[in-house]
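Working notes for the structure below.
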């Protein structure tokens, strides 16, 4: 399993890194479009659709992304769209997590499928726009999610159940603890402070998300970072809730050793649109 994970990670890096650092954002946008389409295919399978229907759901996602690309939305400021998507994620995640695992199956199938495809499309458009803004800006978002996950893992391993004495969401993701969440939040706070300092020290041509927030108010920075970290946890929990409801461990086996595409991007689905919302609101 470890060997598989390492090989898969190396292959993904070999594809993503050259695309990310290419002179034009087109290569990265194309690679991420394929990933989101694969995620939509997984989404169809997880919601009870057969192979052909799931493939069509993936193609629907491709059409939405390609149309947005054709219309030039990758470089267009869209504060209303991102405010709607961001608000939908906050309210939707709260609604789903409150209803718990049994509540997922009670939602109409069409609502589940359309909601998932739209979430994947919005995440693709957000990551494409972030890449157009600049690599430093995009990486600051991606690294926030990575730091929240890694710091939560190590904090949970070291301190899990030693302080709070209760799990975060035992019926959804039994392995997650409050101590892990607190560790993840501390990790993203440190990341934001260090990144903001390095932006200033190296006079970054493209400010990171953290620098953009700090330029408005240093008091706002920890609030925004903690909110983004919390939403990355929410994205992870929502996917865990859905997988537990349909009785699967992974969204698919597309990424050997890692599960499926949705297993890798779940925390990014809310954070990418929310980051673009903040960017458009803060300027």
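The values are calculated or read from the model by the stated rules, or taken from the named source; none is laboratory data. None of these values were measured; they are calculated from a predicted model. When we count neighbours, we look across all protein chains shown, and the Cβ atoms used for this are built from the backbone with ideal geometry, even at glycine.
Have a look at 253, 160, 235, 183 and point out the one that is under 30 Å from residue 42 (Cα atoms) and in contact with a helix residue (DSSP H, G or I) (Cβ under 6 Å, 6 or more places away or on another chain). Only one candidate qualifies: 235. At pLDDT 95 or above, surrounded by 16 or more Cβ atoms within 10 Å (Cβ to Cβ) and under 17 Å from the mean Cα position of the chain (by Cα): is that true of residue 229 in this structure? Criteria met by residue 229.
Considering 128, 93, 110, 119, which residue is farther than 30 Å from residue 183 by Cβ and either in contact (Cβ under 8 Å) with a residue 40 or more places away in the chain or not in a helix (DSSP H, G or I) (or both)?
128
Flag not set for residue 188, criterion: farther than 28 Å from residue 203 by Cα and assigned to a helix (DSSP H, G or I).
For the range 232-248, how many residues are surrounded by 22 or more Cβ atoms within 10 Å (Cβ to Cβ) and on the phi > 0 side of the Ramachandran plot? Residues flagged as surrounded by 22 or more Cβ atoms within 10 Å (Cβ to Cβ) and on the phi > 0 side of the Ramachandran plot within the range 232-248 amount to 0. Tell me whether the range 4-11 contains one or more residues that are on the phi < 0 side of the Ramachandran plot and in contact with a helix residue (DSSP H, G or I) (Cβ under 8 Å, 6 or more places away or on another chain). Among the residues of the range 4-11, not one is on the phi < 0 side of the Ramachandran plot and in contact with a helix residue (DSSP H, G or I) (Cβ under 8 Å, 6 or more places away or on another chain), which makes the answer no.
So, residue 35, is that one modelled with pLDDT under 95, within 19 Å of the chain's Cα centre (by Cα), within 20 Å of residue 258 (Cβ to Cβ) and surrounded by 13 or more Cβ atoms within 10 Å (Cβ to Cβ) or not? Spelling it out, it is not the case that residue 35 is modelled with pLDDT under 95, within 19 Å of the chain's Cα centre (by Cα), within 20 Å of residue 258 (Cβ to Cβ) and surrounded by 13 or more Cβ atoms within 10 Å (Cβ to Cβ).
Of everything listed in (1) touching a helix residue (DSSP H, G or I) at 6+ places or on another chain (Cβ under 6 Å); (2) part of a helix (DSSP H, G or I); (3) modelled with pLDDT under 95, the single unmet condition for residue 153 is (1).
Does the range 190-210 hold any residues that are crowded, with 16+ Cβ neighbours inside 10 Å and touching a residue at least 40 places away in the same chain (Cβ under 8 Å), and which are they?
Listed by number, the residues that qualify are 191, 192, 195, 199, 204, 207, 208, 209, 210.
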